[in-house]
1. Pairs needed: first member in segment 7-18, free of Cβ contacts under 8 Å to residues at least 12 places away in the same chain; second member anywhere, surrounded by 11 or more Cβ atoms within 10 Å (Cβ to Cβ); C-beta distance under 9 Å; at least 6 residues apart or different chains.
2. Out of segment 39-55, which residues are under 30 Å from residue 130 (Cβ atoms), out of contact with any Pro (no Cβ under 8 Å at 6 or more places or on another chain) and not charged (D, E, K, R)?
3. Please name all residue pairs, on different chains or six or more residues apart, with Cβ atoms under 8 Å, provided the first residue is in segment 139-151 and is under 17 Å from residue 4 (Cα atoms) and the second residue is surrounded by fewer than 17 Cβ atoms within 10 Å (Cβ to Cβ).
4. (1) among the charged types (D, E, K, R); (2) outside any helix (DSSP H, G or I); (3) modelled with pLDDT of 95 or more; (4) over 18 Å from residue 145 (Cβ atoms): which one isn't true of residue 83, the others all being true?
5. Can you work out which of the residues in segment 111-128 that are touching a helix residue (DSSP H, G or I) at 6+ places or on another chain (Cβ under 9 Å) and surrounded by fewer than 23 Cβ atoms within 10 Å (Cβ to Cβ) is farthest from residue 80 (Cα to Cα)?
6. Does segment 40-60 hold any residues that are in a loop (DSSP other than H, G, I, E, B) and crowded, with 19+ Cβ neighbours inside 10 Å, and which are they?
7. Can you spot a residue in segment 92-99 that is farther than 18 Å from residue 24 by Cα, under 14 Å from the mean Cα position of the chain (by Cα), surrounded by 15 or more Cβ atoms within 10 Å (Cβ to Cβ) and not β-branched (Val, Ile, Thr)?
8. Identify all residues within segment 61-105 that are in contact with a Pro (Cβ under 8 Å, 6 or more places away or on another chain) and β-branched (Val, Ile, Thr); write none if there are none.
Amino acid sequence: MRIDYPNIAKVIASLTEGETDEVALMATVVCELHHADDRFDWTGFYRVTEPDLLKIGPYQGGHGCLQIPFSRGVCGAAARMAEVQLVDDVDAFPGHIACASSTRSEVVLPVFNAGGDVIAVLDIDSNQPAAFDESDATALTAILEAVFTRS
């Protein structure tokens, strides 16, 4: 099944309304997204916990890496450059960190707070090659903005 982004955005908005705790918001977003699409093999947040370091946050799926420096991997690139990373083939991404051997492609999105700071990245892995495209990135970015940039 493919995700119905307009519907999932409404569900997430309803579930997170009035909540300000970032970890609670992340847990809710991850739960809803992960179970909405068969392509999503691992769905989770890596939080910025100190300068240039991401640590695992709420996630669904198998174990993830506990920490990722901004200087390494797809998640590090998304945090460092504050830009979405769409990777059709993780084996072709220089410096890819293999947290799970089943991962073939991924989309990683920076998460901004209301002040414009990167507070985390949302990492969605798939066991299918080239599972994600610009329409996924656009819809996911809109969901993250609606949840995390409201003041």
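The values are calculated or read from the model by the stated rules, or taken from the named source; none is laboratory data. None of the values given here were measured: they were computed from a predicted structure. Every residue, glycine among them, receives a Cβ derived from its backbone with ideal geometry; neighbour counts consider all protein chains shown.
1. Taking only residues 6 or more apart or on different chains, the pairs are 7/36.
2. 40, 42, 43, 46, 48 - these are the residues of segment 39-55 that are under 30 Å from residue 130 (Cβ atoms), out of contact with any Pro (no Cβ under 8 Å at 6 or more places or on another chain) and not charged (D, E, K, R).
3. Short answer, once both residue conditions are applied: 146/13.
4. Every condition holds for residue 83 apart from (4).
5. Residues of segment 111-128 touching a helix residue (DSSP H, G or I) at 6+ places or on another chain (Cβ under 9 Å): 111-114, 118-125.
If we keep only those that are surrounded by fewer than 23 Cβ atoms within 10 Å (Cβ to Cβ) as well, we get 112-114, 118-119.
On the way: 112: 13, 113: 15, 114: 18, 118: 9, 119: 11 Å.
Per the stated criteria, the residue is 114.
6. Step one: filter segment 40-60 for residues in a loop (DSSP other than H, G, I, E, B), giving 40-41, 51-52.
The answer is 40, 41.
7. Our first condition is that a residue be farther than 18 Å from residue 24 by Cα; within segment 92-99, this holds for 92-99.
Filter again for under 14 Å from the mean Cα position of the chain (by Cα), leaving none.
No; the residues of segment 92-99 include none that is farther than 18 Å from residue 24 by Cα, under 14 Å from the mean Cα position of the chain (by Cα), surrounded by 15 or more Cβ atoms within 10 Å (Cβ to Cβ) and not β-branched (Val, Ile, Thr).
8. Selection gives 84 alone.
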